[in-house]
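Novice: What follows is a single structure, and I will ask about it in a moment.
The values are calculated or read from the model by the stated rules, or taken from the named source; none is laboratory data. The structure presented is a predicted model; accordingly, all values stated were derived computationally and were not measured. Please note: Cβ atoms are built from the backbone with ideal geometry, for glycine as well, and neighbour counts cover all protein chains shown.
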Amino acid sequence: MIKADCVVAGCRALATCRGPIPKRREALQDAGVIENAWLAGRGGRIVFVGPEDEFRRTVRPEAGAAGIDARRLVGFPGFVDAHTHLPFAGSRGDEFSLRLQGWTYQQLAARGMGIRSTVRATRSATREELRDLCLARLDEMLLHGTTTAEAKSGYGLNREDEIKQLEAVRDADALHPVDLIPTFMGAHEIPDEFRDRKEDYLDLLIHTVMPAVRDQSLARFFDVFCEEGVFSLDETKRLAEAALSAGFGLKIHADEFVPLGGTELAARKGAVSAEHLIAITESGIAALAGSVTAAILLPNVPFFLMQDKRAPARRLIDAGAVVALASDFNPGSSMTSNMQWIIQLGVFQMRMTIEEALNAATANGAYAIREHEDRGSLEPGKFLDLVLCDMTTPADLVYHVGRNPVKFVLKKGKVVVSGGRIVRGDRADSSP
Ligand code: NIG
Ligand code: FE
């Protein structure tokens, strides 16, 4: 018999998003839905997923095992948000008002607003202040079903403040159920003090900050904003090669506004992901098709910037790229961390099917941060990261727009949201 310390009984429907992972083309159509599903875990990992009769034959709950009656609930893997700029300080509400008056994101950036204004606020914040901002944001994420998030630095833009951001991410990760996967993004923008000597900033990143981040194991990935007016393709290549040889996995913000070849470079270098892709070209799509590099699409960005152009999700899927969906949570171009909304935008604005969007926000999201061995789908051996929603079918997650249906969240087998509220401390059992 399989021993279990946690049992979820009789889910009305469970979208397991089970593998093989990554999912491409038709495989994205299968969300692995099981009706009347039972799920059991032990030591934070899943030991059983399947129907009741098999559960009764094969699983023996240990004395004191936690239990949830899920007969009125629909389950999903905890959402994996593969692209956030979580540790920022300040607000860009003033800039948002200007955008509503017609100013573009790029025009504001050229006038010292945009990323550079968040850099000023983030540099002024202490490590503890940043940690507390992260913790409050992680609560919001968890309440909406996100159980793992990537978190980029990139508002420090010098050694001390980039490290401070990454330390705040590490501190928050240690204190909160949501797991954080850190990315060093010192190449997010050129800081004001290096405006006229960009080469020197590249040298600082490569020779000083990158080694310091690596030596303290503060980030798994390196990311660079390859964009007109930010880092050119040649500069991106130089940074990417340095990062790869320092042992970082590579991510590239590519083809957000102007296609410079960043996507093609990402695929050539075996990057884990190319992200944004609103302005991707045919050659970029061809480069990603069949490559290991995931296409992380961020549909709230064109929505939030009120742009008509969107990443060509359908063409990327049809070409065979690994498509993931993420929030791009940041104060300038995407002030949301709600993955339910991101899934809804994937369907309503990019014409993904509900199954494709679900897989993109879970299994492929995990792949896009190379965490798919441990999470992103509900299968034996993976973490018991589960979202239970008050709804009748998985499709309700998209159909009923703008309502938060999350009732329970289990993180590594522990109930961390119960009745739609965060559970503090170590109260594991929340049988209704
Ligand atoms: O992913 N594109 C670059 N970076 C962020 C925006 C950051 C900001 O505006 O603060 C993005 O959209
Ligand atoms: Fe981003």
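Novice: Report every pair of residues separated by at least 6 positions or lying on different chains whose Cβ atoms are under 6 Å apart, first residue within the stretch 322-337 and within 15 Å of ASP94 (Cα to Cα), second at pLDDT 95 or above and within 9 Å of ligand 2 (Cβ to nearest atom).
Specialist: Cβ pairs passing all conditions: ASN330/HIS85; SER333/VAL301; SER334/VAL301; SER334/ASP328.
Novice: Ok, one more. Go through the stretch 75-105 and give me each residue that's touching a helix residue (DSSP H, G or I) at 6+ places or on another chain (Cβ under 7 Å) and either free of Cβ contacts under 8 Å to residues at least 60 places away in the same chain or in a loop (DSSP other than H, G, I, E, B) (or both).
Specialist: Hits for the stretch 75-105 are ALA82, LEU86, PRO87, PHE88, ALA89, GLY90, ARG92, LEU98.
Novice: Quick check: is even one residue across the stretch 299-308 among the β-branched types (Val, Ile, Thr), touching a strand residue (DSSP E or B) at 6+ places or on another chain (Cβ under 9 Å) and either in a helix (DSSP H, G or I) or more than 16 Å from ligand 2 (Cβ to nearest atom) (or both)?
Specialist: Within the stretch 299-308, one or more residues are among the β-branched types (Val, Ile, Thr), touching a strand residue (DSSP E or B) at 6+ places or on another chain (Cβ under 9 Å) and either in a helix (DSSP H, G or I) or more than 16 Å from ligand 2 (Cβ to nearest atom) (or both).
Novice: Among the residues that make up the stretch 168-185, is at least one of them more than 17 Å from the chain's Cα centre (by Cα), within 16 Å of ligand 1 (Cβ to nearest atom) and either modelled with pLDDT of 95 or more or not in a helix (DSSP H, G or I) (or both)?
Specialist: No - not one qualifying residue is present in the stretch 168-185.
Novice: Please pick out the residue among GLY229, GLY249 that is touching a residue at least 24 places away in the same chain (Cβ under 8 Å) and over 30 Å from GLN101 (Cα atoms).
Specialist: After applying the criteria, what remains is GLY249.
Novice: Among the candidates THR126, THR148, THR122, which residue alone is under 30 Å from PRO394 (Cβ atoms), of a type in the set (Ser, Thr, Tyr) and either away from ligand 1 (no atom under 16 Å from the Cβ) or assigned by TED's automatic domain parsing to the domain that holds ASN330 (or both)?
Specialist: Numbers: THR126 fails: under 30 Å from PRO394 (Cβ atoms); THR122 fails: under 30 Å from PRO394 (Cβ atoms).
Result of the check over THR126, THR148, THR122: THR148.
Novice: Please state which one of GLY284, GLY262 is within 13 Å of ligand 1 (Cβ to nearest atom) and over 14 Å from LEU345 (Cβ atoms).
Specialist: None of the other options fit; the residue is GLY262.
Novice: Moving on to the next point. Being in contact (Cβ under 8 Å) with a residue 60 or more places away in the chain, part of a loop (DSSP other than H, G, I, E, B) and crowded, with 16+ Cβ neighbours inside 10 Å narrows it down to one residue among GLY19, GLY10, GLY41; which is it?
Specialist: GLY19
Novice: Right, here's the next one. Just checking, does the stretch 58-74 include any residue being touching a His at 6+ places or on another chain (Cβ under 6 Å), buried (at least 20 other Cβ atoms within 10 Å of the Cβ) and not acidic (Asp, Glu)? Write out each step before concluding.
Specialist: Keep residues of the stretch 58-74 that are touching a His at 6+ places or on another chain (Cβ under 6 Å), which gives none.
No, there is no match, as no residue in the stretch 58-74 is touching a His at 6+ places or on another chain (Cβ under 6 Å), buried (at least 20 other Cβ atoms within 10 Å of the Cβ) and not acidic (Asp, Glu).
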